[in-house]
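Bear in mind these aren't lab numbers, they're just calculated from the coordinates by the rules spelled out. Bear in mind that the values here come from a model prediction, so they are computed numbers and not experimental data. Neighbour counts are summed over all protein chains in view; Cβ atoms, including those assigned to glycine, are modelled from backbone coordinates with ideal geometry.
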Amino acid sequence: MTDWVTISGLATAGGTLVLAIATFASVRSANQSARVAERALLYGLRPLLLPSRLEDPVEKISFQDDHWIHVEGGKAHVEASADAVYLAIPLRNVGQGIAVLDGRAFQAERLSGARQRPDTDGFHRLAIDLYVPPKGLGYWQGALRDSSDPAFATAQKMINERQAFTIDLLYGDGEGGQRVISSFLIRPVREDAWLASAGRHWNLDRADPR
């Protein structure tokens, strides 16, 4: 004799299982789509800074003490006086989002790309906001004026002796996220010229690609 109650219960259970599987698959697909959309959004905001090209326009830059400089594309401005050390790097943003520069660290040596990621505690906040538009040009500028800071005398000595050094720049996107540290080697190339070249890039808020 057919037990219709049992069959009905099994059919209901089977239907519930199929619905649960379909719901799980739908939720999983929706989550994957949301993650893809989030990654696409973040990619659209992500900056990445490199030195400008040699053929790029000259940057005219002023410091807070009304000291004006001109820096050619691909070069760096390096100047030491008794009262200040003036530094500047013309930049090209090859990323999709605006770059907001936040800090810098002067490294008194020619550092290789194999080194560990710099500690953000060693960075100095910039005195003014500096921005580099996506796929556009801009610059970083910095000045050392505190004679009690050991980096001041070290920078003066290295510049006067024309020794290569490293500048690490800390920056992020327009929302203050996706922070990156980019390393720039500054080295003399002629009697009165300095060249900027990119080293490593470290991601602070997401995994590094390497």
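Going Cα to Cα from LYS157, which lysines come in below 24 Å? Please leave out same-chain ones fewer than 8 positions away.
The qualifying lysines are LYS75.
How far apart, in nanometres, would the label points at SER147 and THR16 be if each is projected 7 angstrom from Cα along the Cα-to-Cβ direction?
Once both label points are built, they end up 8.4 nm from each other.
Roughly how many nanometres apart are two label points built 7 Å out from the Cα toward the Cβ at GLU72 and LEU54?
Result: 0.9 nm between the two label points.
If R₀ is 22 angstrom, what is the calculated FRET efficiency for the pair ALA193 and ASP119, using the beta carbon separation as r and rounding to 0.05?
E between ALA193 and ASP119, to the nearest 0.05, is 0.10.
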